[in-house]
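The values are calculated or read from the model by the stated rules, or taken from the named source; none is laboratory data. The structure displayed is predicted, hence computed values, not measured ones. Please note: Cβ atoms are built from the backbone with ideal geometry, for glycine as well, and neighbour counts cover all protein chains shown.
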Amino acid sequence: MCAERVLIIRLRPWVDFSYEIEPGNYRSGYGYRDSMSLIELVDSMRAWWRINPARVEWEGIEHAVAVHQGITRAVVEIGDWMPGPNGRWGFTATPITDGPVYDKWVGPSGRRIHFQKGNQSPVLYWPPR
């Protein structure tokens, strides 16, 4: 099954900031930078967002796609939700690096995503309704 509705995570430029996202699992920053590893990218996109996990589940969304400067960079399968600081949420994530979901959303060079003019939200339900 190819993901039709996904969660888009818009990543801004990289910020160095060490933070424990799970017990014993630290990330070195958040956002996007060229030449970051897949693990860094996944850790950057999976925490911390102002989002309603119940809505994600209600909408049947199983995948999240990282986007930087309008280009898709990675797709993951959303796992369990975890509460974070200041009412934000994160999720466990399994990277998808091949197959129909990967081909549709990322492929070898990424895909262009066109956002509605004026929308600055870092988390979007895609496609917009």
The number of residues in segment 76-128 that are more than 15 Å from the chain's Cα centre (by Cα) and closer than 18 Å to ALA54 by Cβ is 3
Does at least one position in segment 12-26 carry a residue that is surrounded by 15 or more Cβ atoms within 10 Å (Cβ to Cβ), modelled with pLDDT of 95 or more and of a type outside the set (Lys, Arg)?
-> yes
Filter result (at pLDDT 95 or above, small (Gly, Ala, Ser) and either farther than 20 Å from ASN119 by Cβ or in contact with a Gly (Cβ under 9 Å, 6 or more places away or on another chain) (or both)) within segment 27-46 | SER37, SER44
Tell me the strands (runs of 3 or more DSSP E) entirely within segment 20-111 that contain at least 1 residues that are under 14 Å from ILE9 (Cα atoms) and in contact (Cβ under 8 Å) with a residue 60 or more places away in the chain.
-> 63-68, 71-83, 89-96
Would you check which residues across segment 1-34 are over 23 Å from VAL56 (Cα atoms), of a type outside the set (Phe, Trp, Tyr) and more than 17 Å from the chain's Cα centre (by Cα) and list them?
-> ASP16, SER18, GLU20, PRO23, GLY24, ASN25
